[in-house]
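Enquirer: Structure in structure tokens, see below.
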Amino acid sequence: FVVSVSPGAQPFLEQIESSVEALQDYGISVVKVNCLKEDVLKYCGKENALRKAYLFRGNVLIREFPTDALFDVNSIVANVLFALLFNEVKYVETLADLQNIENTLKGRSNMVFAYVPATGTAEHRAVMEAAFVYGTVHQFVLTTEVTLLKDTGNDEPVVSSARLLFCHCQQATDLAQPCRRTAMEQALTLLNIHRHLKLMGAPLVTEVAEDPEKVSTIHLQLGLPLVFILSQKETYEADRRTAEFVAWQLLGKAGVALLSRYLLSGVLGVLLVFCDGVPIKYLVLEDTDEVITLVEDKSKVKQVQEVEEEEEEDEDEKENNNQGAQLKREKLIQGGAGLSPLCPSGLCLSCVSGEAVSLAVLQSYIKVADHLKGTQGVLLSRVNCWDWPGICTKENVTQFPTIKIYEKGERSVMYDGMWGTEELTNFIMLSRVSCPLKLATIEEAEGYLRGEFPPELSSFHHTSVLGVFSTATSEAKEAFEEAGNILSGHVTMGMYFEDDAVALSHQYAVSPPALLLARSGGQSVEGIALSKQSAQDMVQMIRYELLDVFPEITVQNLPPYLQLGKPFLILFSDGDISQMESEEMLKVTKRRSQQVFVACWLNLRKTPVGHGILKAYFATVPSLPLLVWVNLHAGGQVYKFPSEQSITEMNILSWLEKLKAGLEIPSSTLSEEDWKPPLPAYDFLGMMETTMPELSLHTSHHPGDTQEQHPPESPGGDTAVPKEPSQENKAEKVVSPGRDLRGTAPRLSAREKQGKRHSEL
């Protein structure tokens, strides 16, 4: 409403006129009223003229704006749309307000949350224009409070620019958990918001069974890469979970498609398609982190391509020069422990490139190498049995992966423990110490029991076993030494065989031959008489004595308790058990012989698989804590301790007596079917021999099969690197596995020549 135009009001009128076209796109008209001709007293008063602008719908006033807030086209469009879309766009100032909106949307609709440093900015306008289009599909929420943005998980110390998050509330059902959020990494413009919302609306994983080059998705249309994860029928469920995990990590950055193929079974095969002229590249990646890293840094894709091209050029050059491929020394990781190809001394992993379990174990192996970097006398090695089947056969590697430890001049020891990083590291460190370790003085023996000797194991918290023998017990001593060879790498064992051995053992109320078990760094030493003399009996006894009386069961420590073949008395808890519950359960284990059952507890927060166990027992998870008796090895009956009774020694013993007398009815009975792997193991060496007879392990073409191929000792004591025998160019059908089977999977489509050569695979 204009009475007269002063110089100070002219800029505002110019901006209003400039906004006419932009507002017309949203069905909004801009009107200027001349108060000299149209005397509207309510709006033409001197105090209102050119100080306020008014928004009407029909003849109803919706909002008044101070004209100093409408300083340019962006501020005009943003504020007008903000006023009109008050239902579609909620403004929040506190985290509680945001959480309330989230909770009302869970299971119903998704939310677009935007932070702008101030209203009336270009970013504010972009959000409002997007809300005009998508406001009926998603709930928009706006804030100018930077602290609220940090409360939603933004880790930046200083936030100077606008941010937008897509909150996946439609999939959320738990009020206690926030909606999953996907941040838009681009600048806050209308085009970028539109692009981001289109991506958020696309299927998380697209399933395809056609030629990848014919596939078209919104990601390719928007110039983003599309990651194909190869799948097979037998592993579909696991592949689908992998694809969904990768898709969540790359949401907004790349698309993920699950490609049904049987060619590369058993591997996490990935091929990347970029729509900016980069051709399809087939890669085999060892874990999902590599997929994510590769996509997030396109420069790494280029590096991978360049490395592959260089490798292919090098390999072609070697073929043309009639030279056999030579096994190279390399590093497991940059700066990690050295990698020796033939394991002269140290730890060796025998695996198959592209085989799923080998790839998984290799990740732990690499972390171990990094952890032990710089450790004197530790050498980690890897042999790819695709390349060197002769060596793997000679070393009696019949399953993949296999881990062995080698001591120079001594026989190898196969590792049969868990394949986690911590377990492998402990195995390596324990294997560095003689087992059993011969102690020369009583001071060394007492230091050993306190955990101070040997010094390289002083930082390890473990139970130590000390065998004490007199000159009259040499037979038991020899059996103990043999038991030490069997348990090497798994147990810390020492041996004292001096004149004062009797005096040492008498301190712990036993006589030689005896075992002294030092727990918790020597805080508790238990003496056990050795009544059985055979090595196998000692191994079994030591393993049993090292088990905890009332252990917390985890995925890692379950196997040795399961191998006892006894019923389990399990206390399931949601967190740590109380001191009272622990004391009462310990009383039960001491009152009854441990030969009868395994008493243990399981923390569902620490070991979430416990939820699945309880569902298998009772269909639904009962209230916790819960005491359960289960006959895993005989009948599979599951009994539930009465929930109305407190967990005390007397109540538990009374209940167990009823179980023994057959007076209790089982809550459920487990299936009698064997616990087997979901798929049969692959006999890769046999498959190579069957499908490619010219590559038979028994032919002379394989390195490692003849005496001439045994690695000679170099003058410095190291094992020389063997070379494969050269072959005539014309004998292309008789190829060395060390040359042409290496990296078969990723090269099937990358090289036409190799694709023909390995078509039978």
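Enquirer: Scan segment 251-266 and tell me whether some residue there is of a type in the set (D, E, K, R) and modelled with pLDDT of 85 or more.
Expert: Looking through segment 251-266, at least one residue is of a type in the set (D, E, K, R) and modelled with pLDDT of 85 or more.
Enquirer: Looking at (1) free of Cβ contacts under 8 Å to residues at least 40 places away in the same chain; (2) closer than 23 Å to Gly417 by Cα, can you tell me which one Phe480 breaks?
Expert: (1)
Enquirer: Checking the condition in contact (Cβ under 8 Å) with a residue 40 or more places away in the chain and more than 30 Å from Phe56 (Cβ to Cβ), which residue from Glu145, Glu93, Glu88, Glu129 passes?
Expert: Glu145
Residue-by-condition table, conditions (1) in the same structural domain as Gly494 (by the TED database); (2) open to solvent by 30 Å² or more (accessible area, probe 1.4 Å); (3) not in a helix (DSSP H, G or I):
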site	(1), (2), (3)
Asp370	no, yes, no
Val378	no, no, yes
Val383	no, no, yes
Phe400	no, yes, yes
Ile405	no, no, yes
Trp419	no, yes, yes
Glu422	no, yes, no
Lys438	yes, yes, yes
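Enquirer: Turning to a different aspect of this structure: Being open to solvent by 40 Å² or more (accessible area, probe 1.4 Å) and at pLDDT below 90 is the filter; apply it to segment 137-149 and report the residue that is nearest to Leu85 (Cα to Cα).
Expert: Glu145
Enquirer: Arg125: assigned by the TED database to the domain that holds Leu23 and either among the basic types (Lys, Arg) or surrounded by fewer than 20 Cβ atoms within 10 Å (Cβ to Cβ) (or both), yes or no?
Expert: Answer is no for this residue.
Enquirer: Out of all the residues in segment 191-216, which are surrounded by 12 or more Cβ atoms within 10 Å (Cβ to Cβ) and charged (D, E, K, R)?
Expert: Correct list: Arg195, Lys198, Glu207.
Enquirer: On to the next question. Is there a residue in segment 488-499 that is open to solvent by 60 Å² or more (accessible area, probe 1.4 Å), of a type in the set (Asp, Glu) and assigned to a loop (DSSP other than H, G, I, E, B)?
Expert: First, the residues of segment 488-499 that are open to solvent by 60 Å² or more (accessible area, probe 1.4 Å): 490, 497-499.
Those still in the list that are of a type in the set (Asp, Glu) too: 498-499.
Still in the running and assigned to a loop (DSSP other than H, G, I, E, B): 498-499.
The answer is yes, given that some residue of segment 488-499 is open to solvent by 60 Å² or more (accessible area, probe 1.4 Å), of a type in the set (Asp, Glu) and assigned to a loop (DSSP other than H, G, I, E, B).
Enquirer: Going residue by residue through segment 620-628, is there one that turns out to be open to solvent by less than 30 Å² (accessible area, probe 1.4 Å) and over 14 Å from Ser667 (Cα atoms)?
Expert: There is no residue in segment 620-628 that is open to solvent by less than 30 Å² (accessible area, probe 1.4 Å) and over 14 Å from Ser667 (Cα atoms).
Enquirer: Now for a separate question. Please specify each residue of segment 569-627 satisfying the condition of being closer than 19 Å to Lys640 by Cα, in contact with a Pro (Cβ under 9 Å, 6 or more places away or on another chain) and polar (S, T, N, Q).
Expert: Listed by number, the list holds a single entry, Ser573.
Enquirer: State the number of residues belonging to segment 508-565 that are touching a Gly at 6+ places or on another chain (Cβ under 8 Å) and among the polar types (S, T, N, Q).
Expert: The number of residues fulfilling the criteria is 1.
Enquirer: Of all residues in segment 385-398, how many are open to solvent by 20 Å² or more (accessible area, probe 1.4 Å) and either β-branched (Val, Ile, Thr) or closer than 30 Å to Leu558 by Cβ (or both)?
Expert: 5
Enquirer: Go through segment 157-176 residue by residue and tally those that are surrounded by fewer than 19 Cβ atoms within 10 Å (Cβ to Cβ) and either touching a helix residue (DSSP H, G or I) at 6+ places or on another chain (Cβ under 7 Å) or assigned to a helix (DSSP H, G or I) (or both).
Expert: Selection size over segment 157-176: 2.
The values are calculated or read from the model by the stated rules, or taken from the named source; none is laboratory data. Bear in mind the structure is a predicted one, so any value in this text is a computation, not a measurement. Every residue, glycine among them, receives a Cβ derived from its backbone with ideal geometry; neighbour counts consider all protein chains shown. Just so you know, the surface numbers come from the protein's heavy atoms only, side chains and all, with ligands and any DNA or RNA stripped out. Shrake-Rupley method; radii C 1.70, N 1.55, O 1.52, S 1.80 Å.
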